[in-house]
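For reference, the structure is listed below as structure tokens.
What follows is calculated from the coordinates using simple rules that are stated; it is not laboratory data. Everything numeric in this text was worked out from a predicted model, so none of it was measured. Heads up, the Cβs are rebuilt from the backbone with ideal geometry, glycines too, and the neighbour counts pull from every protein chain shown.
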Amino acid sequence: MELKPLNNYVVVKPIPKEENKAGIILPDAVEKELPEKGEIIAVNPDCKQMKIGDTVIFKKYNVESIQIDEDELFIVSEPDIISIYKL
């Protein structure tokens with residue numbers, strides 16, 4: 001399956017969060033406001049700043065979540081991407 005986001009959207013596969021080392025459990029409301037990390041799997045052809053395979057940090061509160069096969073994917077607006085994360 002091939003995804004081609006329109007307008008200023010990208011498709012991101014979230015990277016699982018690391019366990020909280022302090023053992024603190026955060027409420028769901030707080031979890032939704034924290035930035036999330038993910039890998040871009042599809043971009044609009046007009047996007048000049050990001051490419052497929054980039055790891056990004058994005059605001060999770062304003063994304064569309066879709067399920068394809070076993071994977072949960074997020075459709076994220078470019079302005080909601082905070083940073084490209086280099087390892």
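Points to keep in mind about this one:
- In plain terms, the chain from residue 2 to residue 39 could stretch by 11.7 nm, reckoned as 0.36 nm per residue minus the Cα-Cα distance.
- Each label point was placed 7 Å from the Cα along the Cα-to-Cβ direction; for residue 68 and residue 55 their separation is 2.2 nm.
- Spin-label model, residue 13/residue 77: points 7 Å from Cα along the beta carbon direction are separated by 2.6 nm.
- Around the amide H of residue 15, modelled in the peptide plane, lie the amide H atoms of 37, 38, 39, all under 5 Å away and 5 or more residues distant in sequence or on another chain.
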